[in-house]
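The values are calculated or read from the model by the stated rules, or taken from the named source; none is laboratory data. All figures in this text were calculated on a predicted structure; none of them were measured in a lab. As a convention, Cβ positions derive from the backbone with ideal geometry for all residues, glycine included, and neighbour counts pool all protein chains shown. Keep in mind that these areas ignore ligands, DNA and RNA; they rest on the heavy atoms of the full protein, side chains included. Shrake-Rupley method; radii C 1.70, N 1.55, O 1.52, S 1.80 Å.
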Amino acid sequence: MESNAKNKQIHIDKEALCILELAQENLLQPVTGLMSQKEMLEVDQSGFYKNCSFPSSLILSPSGKKNEEIITSLQPQENVELCIQDQSVGTLQVEEIFPIDKESRIKQIMGGNLGHPDIGRVYKRIGNYAVYGKYQVITSDITRNKAIIRDKIQELGARKISGIFLNANPIHKVHEKILQEALLRNDLLIIFLTRPHHTTWLLPYELRYKNVQCVIDNFLPSARVLLLPMDYTYLLSGTNRMILNAIICKNYGCTEFIASLGSSNLSTFYEGDRTHTILDSIQGVEIAKHLVSEYIYCDTCNNIKSTKICPHGTHHHISYDSRDFFELLKLGVMPPEVFIRKEVSASILAHLFPSQAKKLDKLYYDLISSKGIIEEGSDENFYINLSRLYRVK
């Protein structure tokens, strides 16, 4: 909606809107709104809100000189408009204005990891003052997602529901294995495909969504899988991410939350013969936490294996690192199908190198067999047909 120039305005970004929306729609319960100064101090000191793990307080403290002037001029009971650029996205009735310690705030958001790559970006977007009060913001996907999940649970009569967060940049064979194992344990699997608003290193969201849906439709029991968008925000950074992901899954109706030992956000450490992670610290969140083993490709077993059960040394192991596969694809190299489905690789290469097949028309007809008729092949078909020549199994 258009903003009203007569009202005082606080300008926020899509990340702030995302976290406000999550709280408003009860996906961060027991947190359902912004926190006062007293609540902020209690949560940041204890890591709990109403006896439930919550690693970082939820406050609104947007950066910018103009925002600071507006926030410090506000009075209790005054209404202020929340805007993104020239669009109004909500309103807030002021109850309290208070200063914040930016350094402490950053440390809290990052779970103490001051070496996190997001730290500079997060620092720039945090202001010196927070505004507290009841608010109302527009909603995007959340209401629709709730309805889709509710209807699917009723359709399947699902009682065991697993949730997992994926970047899928790109989706690979270990992702598939994790999803398959989740479906063996549960009646319904919900994949939350993350959609950050701040980064350029990810493939476009629409392309990642298309490729994950392709895997679901062709290689999984698709009637028992939901693929839903999940906007990502600054609060979901560092080790705090896992705690908040579990809370979001629980509030969406999941009974199980899946995390991988291969994740950099688990804060894994060993005590005796047991692996401990950040998930062990979660209290008051009634959801089962399923920790997935780290998987590799063993060139002796000639298969995907858990590092826990593969008898061969690490020099026989190839890790499934999405960043490596992404770098290969950016160079125009199709990863072996033991790592990524050819359909997925072809889709990404067609996006990264548009009209490449047309530039290689002669090679196409020299290398790709035909059915005896002139075929109008897409870029994706070119890569898929070429991949068959590798004879990967």
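Brief remarks on what is shown
- Matching entry among Val344, Val338 (being assigned to a loop (DSSP other than H, G, I, E, B) and either under 14 Å from Leu207 (Cα atoms) or over 23 Å from the mean Cα position of the chain (by Cα) (or both)): Val338
- Contacts under 7 angstrom Cβ, first residue in the range 131-153 being under 30 Å from Phe98 (Cα atoms), partner open to solvent by 50 Å² or more (accessible area, probe 1.4 Å) and among the hydrophobic types (A, V, I, L, M, F, W, C), 6 or more apart: Val131/Ile97
- Out of Glu181, Glu176, sole residue that is within 18 Å of the chain's Cα centre (by Cα), part of a helix (DSSP H, G or I) and farther than 16 Å from Leu226 by Cβ: Glu176
- Index of the failed condition, Ala259 passing every other in (1) modelled with pLDDT of 85 or more; (2) outside any strand (DSSP E or B); (3) open to solvent by less than 20 Å² (accessible area, probe 1.4 Å): (2)
- Matching residues, the range 133-156, being open to solvent by less than 50 Å² (accessible area, probe 1.4 Å) and more than 17 Å from the chain's Cα centre (by Cα): Gly133, Tyr135, Val137, Ala147, Ile149, Lys152, Ile153
- Members of the range 285-307 found to be in contact (Cβ under 8 Å) with a residue 24 or more places away in the chain and assigned to a strand (DSSP E or B), listed by number: Ala288, Lys289, His290, Leu291, Val292, Tyr295, Ile296, Tyr297, Ile304
- For the range 104-123, the set of residues classified as under 25 Å from Ile70 (Cβ atoms), open to solvent by 30 Å² or more (accessible area, probe 1.4 Å) and either among the aromatic types (Phe, Trp, Tyr) or at pLDDT 80 or above (or both) consists of Ser104, Gln108, Tyr123, listed by residue number.
- Take the conditions (1) at pLDDT 95 or above; (2) not in a helix (DSSP H, G or I); Glu39 misses just one of them, which is (2).
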